[in-house]
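The values are calculated or read from the model by the stated rules, or taken from the named source; none is laboratory data. Keep in mind the model is a prediction, meaning the values are calculated, not measured. All Cβ positions, glycine included, derive from the backbone under ideal geometry; neighbour counts span all protein chains shown.
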Amino acid sequence: MRRFTSFLRVLLIWVSTTAVALAADPPAKFTVGEFVFTRPADWQWIEVNSVMRKAQLKITDADKKDSAEVIFFFFGKDGGGRTKENIDRWLSQFEEPKEKLNSKVEEVTIAQRKVTYVQAEGTYLSGMPGGPKTPQPNTMLLGAIIESDQGNVFIRLTGPIKLAKASQPALRKMVEGALGGR
């Protein structure tokens, strides 16, 4: 009986330390839709807290004062709306009218996949659709919509303009890497 009790203790300790080790080790690679993304090493993995979000990352500046979030959405085949609808929705999440957002939309083809990059600057209205909004002045939105027959992947980065601009090359590299580019 003592051996069995000792064995159970050892097993319980092993299981609990393994679970902690697994929970503490964020994935370097993750899948959204059919695409496998490689997380930039200095971007933090965040556990998602919404069924709409398939992955979430946090970017922090060198001073640890400002942060930005990167959210990945995937709704399956024919889900999530068309590219133009999503661009219009993203731009409508700012307080300023579209023509004052310094917005840009760029369509590119990477490995025979259409990717639409979006950017805008202004006062971002953070909050759930239909709920209260928190104005975030001097915010930039960087978006990428990857079109796929299996369902589009929507990626949205929002944060302070300076941090978002500094993060833009890493965002593009992550997107293009998932498509076999770069």
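Report yes if A120 is assigned to a strand (DSSP E or B), surrounded by 11 or more Cβ atoms within 10 Å (Cβ to Cβ), without any contact (Cβ under 8 Å) to a residue 40 or more places away in the chain and among the hydrophobic types (A, V, I, L, M, F, W, C), otherwise no.
yes
Taking region 65-112, which residues are of a type outside the set (K, R), without any contact (Cβ under 8 Å) to a residue 24 or more places away in the chain, exposed (fewer than 15 other Cβ atoms within 10 Å of the Cβ) and more than 25 Å from Q150 (Cα to Cα)?
Across region 65-112, the qualifying residues are S92, P97, E99, N102.
Counting only residues that are among the aliphatic types (A, V, I, L, M), more than 17 Å from E96 (Cα to Cα) and at pLDDT 95 or above, how many does region 109-140 have?
1
State yes or no: is G143 in contact with a Phe, Trp or Tyr (Cβ under 6 Å, 6 or more places away or on another chain), modelled with pLDDT of 95 or more, over 25 Å from N49 (Cβ atoms) and surrounded by 15 or more Cβ atoms within 10 Å (Cβ to Cβ)?
no
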